[in-house]
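Undergrad: Okay, here's the structure, questions in a sec.
The values are calculated or read from the model by the stated rules, or taken from the named source; none is laboratory data. This one's a predicted model, so the numbers in the text were calculated from it and none came from an experiment. Cβ: placed from backbone, ideal geometry, glycine included. Neighbour counts: every protein chain shown. Keep in mind that these areas ignore ligands, DNA and RNA; they rest on the heavy atoms of the full protein, side chains included. Shrake-Rupley method; radii C 1.70, N 1.55, O 1.52, S 1.80 Å.
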Amino acid sequence: MKTIKILIVLVTFSFISLSFTSMMQEKWVVPAKYVTMKNPVPADQDAAVGKSLYDKHCKSCHGKEGYGDGPKAAEMKGDLGDFSSEEYQKQTDGELFYKTSFGRDDMPEFTKKLPDDEDRWLIVNYMRTLAE
């Protein structure tokens with residue numbers, strides 16, 4: 001009987017541990033060359049184009065204000081981020097460019113849909129305007 005109780009405790013503990021592990025998202029490591037990469041597109045250049053590209057390619061998941069609350073957000077497994085947060089805005093332009101370009105998990109790679117680097121830089125510039 002004591003063995004069964006111990007076994008139940010171990011199984012319960014294992015289940016809880018695995019549940020929390022799967023809920024935590026791995027840190028998104030960006031290669032050093034992107035972390036230090038400078039945005040070649042001035043923030044005020046083609047701002048309307050950046051917004052238009054965001055609306056077309058990003059808004060459905062990340063939401064109008066970048067809170068991660070778009071209509072498709074509920075279908076996603078990971079944290080979509082809050083573009084308005086201080087933590088998000090602390091990232092370098094290069095980090096945002098890398099994540100927008102190459103994606104991971106539910107975040108798609110946009111190098112094929114948006115093959116022009118300038119378009120992805122314009123989205124980065126637009127995401128900067130979502131800061132609170």
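Undergrad: Against the definition (of a type in the set (Asp, Glu), surrounded by fewer than 16 Cβ atoms within 10 Å (Cβ to Cβ) and in contact (Cβ under 8 Å) with a residue 12 or more places away in the chain), how does GLU118 come out, yes or no? Working first, answer last.
TA: Working: of a type in the set (Asp, Glu): yes; surrounded by fewer than 16 Cβ atoms within 10 Å (Cβ to Cβ): yes; in contact (Cβ under 8 Å) with a residue 12 or more places away in the chain: yes.
The answer is yes for GLU118.
Undergrad: Looking at this structure, is ALA74 at pLDDT below 95 and of a type in the set (A, V, I, L, M)?
TA: Numbers: at pLDDT below 95: yes; of a type in the set (A, V, I, L, M): yes.
In short, yes.
Undergrad: VAL49 fails exactly one of the following numbered conditions: (1) touching a residue at least 12 places away in the same chain (Cβ under 8 Å); (2) surrounded by fewer than 19 Cβ atoms within 10 Å (Cβ to Cβ); (3) more than 21 Å from LYS27 (Cα to Cα); (4) in contact with a Gly (Cβ under 8 Å, 6 or more places away or on another chain). What is the number of that condition?
TA: (4)
Undergrad: Find the residue count for the range 52-62, including only residues that are under 14 Å from THR129 (Cβ atoms), within 13 Å of the chain's Cα centre (by Cα) and not charged (D, E, K, R). Step through it out loud before you land on a result.
TA: Narrowing the range 52-62 to residues under 14 Å from THR129 (Cβ atoms): 52-55, 58-59, 62.
Restricting the remaining residues to those that are within 13 Å of the chain's Cα centre (by Cα) gives 58-59, 62.
From what is left, the residues that are not charged (D, E, K, R) are 58, 62.
The number of residues fulfilling the criteria is 2.
Undergrad: For the range 22-38, how many residues are at pLDDT below 95 and not in a loop (DSSP other than H, G, I, E, B)?
TA: Total satisfying the criteria: 2.
Undergrad: Is there a residue in the range 93-107 that is within 12 Å of the chain's Cα centre (by Cα), open to solvent by 80 Å² or more (accessible area, probe 1.4 Å), within 21 Å of PRO31 (Cβ to Cβ) and not aromatic (Phe, Trp, Tyr)?
TA: Kept after step one, since they are within 12 Å of the chain's Cα centre (by Cα), are these residues of the range 93-107: 95-107.
Next cut, open to solvent by 80 Å² or more (accessible area, probe 1.4 Å) only: 105.
From the residues that got through so far, the ones that are within 21 Å of PRO31 (Cβ to Cβ) too are 105.
With not aromatic (Phe, Trp, Tyr) added as a condition, the list becomes 105.
Within the range 93-107 (the criterion being within 12 Å of the chain's Cα centre (by Cα), open to solvent by 80 Å² or more (accessible area, probe 1.4 Å), within 21 Å of PRO31 (Cβ to Cβ) and not aromatic (Phe, Trp, Tyr)), the answer is yes, since at least one residue qualifies.
Undergrad: Another question about this same structure. Would you confirm, using the coordinates I've provided, whether ALA131 is over 20 Å from ALA47 (Cα atoms) and either exposed (fewer than 15 other Cβ atoms within 10 Å of the Cβ) or free of Cβ contacts under 8 Å to residues at least 24 places away in the same chain (or both)?
TA: Numbers: over 20 Å from ALA47 (Cα atoms): no; either exposed (fewer than 15 other Cβ atoms within 10 Å of the Cβ) or free of Cβ contacts under 8 Å to residues at least 24 places away in the same chain (or both): yes.
Here the answer is no, as ALA131 does not meet what is asked.
Undergrad: Let me ask another. Identify the residue in the range 53-77 that is of a type in the set (A, V, I, L, M) and in contact with an Asp or Glu (Cβ under 6 Å, 6 or more places away or on another chain) and, among all such residues, is least open to solvent (accessible area, probe 1.4 Å).
TA: My answer is LEU53.
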